[in-house]
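Since the structure comes first, as structure tokens, the remarks are kept for the end.
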């Protein structure tokens, strides 16, 4: 196991008017991250994602619980954890008035590398992340996507075995996001484990091998994206027809055909919820055709992680983001 | 030794920032130069008063002015640290195995170097005004200014690490520097002060530094005040530096 935590907790105490106030940011988290996987920590703002990430990177001291990171004890072997883990915070942390190269070389040196190796590693990442066109300029001149690439290169400069990324693509344009997703996926090929936090469903879905949904300081459910999605109950096929009458005919036919599915006519369309929508669809269309019930259109929708979030928390993640 | 190496890396990084915008090194010399040009002439009218021997106004004033520069020139360095906290730079350093004291030591040493450059320039400007300097005394004085600078910079960084925002930092630093400078006989010698004020100044560690540097400029190496000044400021610098490091470590808690 690359990361293993048992009952990891963090309570912040703030002193203000009316005495001490305690805020339980993380309320006892058990998680297991396997070697070489991309593990996504998905949840709304304020769920405790960053707090957990900061505890794992030794930036915050846990209030309770135990954790092992790369086999090292979080409470006692912080030096070893720091040396072997790479970490990119939400703010990024590039030194804006320095150039990208200066940032990269210093960061490598802080991990104990000599100047020559540091320069070599910096050059390697400039090449790998295609930063050659801008890397000798001060970082304050970079676009959002360029700066993010530098931030992530800074976190990886010492070739860590585990990379912790806090909301790596928040606020980026679609191209930059797609580019970073590609780069993060490539890390799997070289055996790097990635633990990332995100508030984006699509990011967790496309990128992660395992997802833990966190809400209000607690993990609500863990699983692979497809496990989580099938837990909310299969695919939905919507057939649309010319008239309501045809729709009702189709409803009867489909109910006979798939007794396991949930069939419901709504105006001139029929909604069918079924485990394995994709492979069932051609057969269903054929049998409708055989009875001269002609569908005008068919759509297949698979459950999204948003449906998963809704099922387990009773709220939509999107609603949370609007607030 | 890792601490030495890390401190060097951090010093170079901070020095690069200073060199990138060198104008600020000179901007913060504006205040002492104004004192030199627009205030020191007033002292000529006070010649013969207690603490200002006839013809010695510049001799009394310049060492104090350099202490003033050491206090105010470094008191506000905390703002640059807040920038680094906000942009995540400090957190990025803290997730590496870098030695914690090195993060602050690299900064205060840079501040000390900048300060010494300013002190040398101010002294050079003062020579045409009739200042005579004992060169060994001056070199020892520079060491004392560096210690004062390290003290003030550490205080400034310590509060920056506690507050993490600018709003509270400026008033706090002003509240600290003003009584320190008034109670150390920088602008006017404390010999002019009523007894109660002289007594009060004895609890201000920086008043010993001012006495020490005046003796050094004059080449009075036998003066016991010199040793006293070095010990008091040296201990103070060490104390507040470690307090600053503790604030830095507390950030990760």
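Every number in this text was worked out from the coordinates using simple rules, so none of it is lab data. Owing to the predicted nature of the structure, the values given are computational and were not obtained by experimental measurement. FYI the Cβ positions are ideal-geometry reconstructions off the backbone, even for glycines, and counts take in every protein chain you see.
Estimated from helical segments only, the mean residue ellipticity of chain A at 222 nm is -11500 deg cm²/dmol, where each DSSP H run of four or more residues counts as -39500 (n - 2.57). What's the angle, to the nearest 10 degrees (0 to 90), between helix B:205-218's Cα axis and the longest principal axis of chain B? So the helix axis and the longest Cα principal axis differ by about 60 degrees. Between residue B:26 and residue A:183, what's the calculated FRET efficiency when r is the beta-carbon distance and R0 is 41 Å? Round to 0.05. Working from the Cβ atoms, E equals 0.40.
Beta bridges assigned by DSSP with both partners in the protein assembly as shown are antiparallel in approximately 70 percent of cases. When both bridge partners sit in chain A, DSSP labels roughly 70% of those beta bridges antiparallel.
With viscosity 1.567 mPa s and temperature 4 °C, the Kirkwood radius over alpha carbon pairs of chain A converts through Stokes-Einstein to a diffusion coefficient of 58 µm²/s.
Across chain A, Cα pairs under 8 Å and at least six residues apart give a relative contact order of 19 percent. The distance between label points at residue B:127 and residue A:133 comes to 5.4 nm (points 7 Å beyond Cα on the Cα→Cβ vector).
Each Cα pair under 8 Å and six or more residues apart adds its separation to the average, and for chain B the resulting relative contact order is 27 percent. For a test of the definition: using alpha carbon positions, the gyration tensor, and the 1.5 limit on a/c, classify the range B:1-87 as rounded, prolate or oblate. Prolate, because a/c is 1.5 or more and a/b exceeds b/c. Please state the shape class of the range B:1-40: rounded when a/c is under 1.5, otherwise prolate if a/b exceeds b/c and oblate if not, all from the C-alpha gyration tensor. Oblate is the answer for the range B:1-40, as a/c is 1.5 or above yet b/c matches or exceeds a/b. Size of the protein assembly as shown from its Cα atoms: along the principal axes, largest to smallest, the extents are 120, 56, 44 Å. Both radii were evaluated on the Cα set of the range A:1-138; the Rg over Rh quotient, with Rh as the Kirkwood radius, amounts to 1.05.
When chain A is treated as a Gaussian network with alpha carbon springs shorter than 10 Å, the biggest mean-square fluctuation among A:184, A:213, A:274 belongs to A:274. Remark: relative contact order (the range B:1-126) = 48 percent; criterion is Cα-Cα distance under 8 angstrom and separation of 6 or more residues. Peptide B:96-102 has a mean shielding of 5, counted as Cβ atoms of other protein chains within 10 Å of each residue's Cβ. I'd like the orientation of helix B:166-182 relative to chain B: the angle between its Cα long axis and the longest Cα principal axis, in ° from 0 to 90, rounded to 10. The two axes meet at around 30 degrees. When chain A is treated as a GNM, springs tying every alpha-carbon pair under 10 Å, which of A:22, A:167, A:79 comes out with the largest mean-square fluctuation? Sorting by GNM fluctuation, first place goes to A:22. Which residue fluctuates the most in chain A, going by a Gaussian network model with Cα springs under 10 Å, if the choices are A:88, A:293, A:308? Highest fluctuation of the listed residues: A:293.
Counts of other chain beta carbons within 10 angstrom of each beta carbon in peptide A:102-109 average 4. Look at where the Cα atoms of the range B:52-105 and of the range A:113-150 average out, and the two centres are 31 Å apart. Assign one of three labels to chain B, namely rounded, prolate or oblate, based on the Cα gyration tensor with a ≥ b ≥ c the square roots of its eigenvalues; rounded applies when a/c is under 1.5, prolate when it is not and a/b is larger than b/c, and oblate otherwise. Prolate shape, in that a/c is at least 1.5 and a/b is the bigger ratio. Applying 0.36 nm per residue to the separation of residue B:38 and residue B:243 and subtracting their alpha-carbon distance, the gain on full extension is 70.0 nm. Only DSSP H runs of four or more residues enter the estimate; each adds -39500 (n - 2.57), and after division by the residues of chain B the mean residue ellipticity at 222 nm equals -24500 deg cm²/dmol. Here the peptides B:27-37, B:211-221, A:187-197 are ranked by packing, the mean other Cβ count within 10 Å, and the order with the highest first is B:211-221, A:187-197, B:27-37.
The mean number of partner chain beta-carbon atoms within 10 angstrom of a residue's beta-carbon across peptide A:57-66 is 2.
If you take the beta carbon distance between residue A:6 and residue A:140 as r and set R0 to 35 Å, what does 1/(1 + (r/R0)^6) give as a FRET efficiency, to the nearest 0.05?
My answer for the efficiency is 0.25.
Seen against the Cα atoms of chain A and their longest principal axis, helix A:277-290 is set at about 20 degrees. Within the range A:117-230, what percent of beta bridges assigned by DSSP are antiparallel, to the nearest 5? Of those bridges, close to 50 percent are antiparallel.
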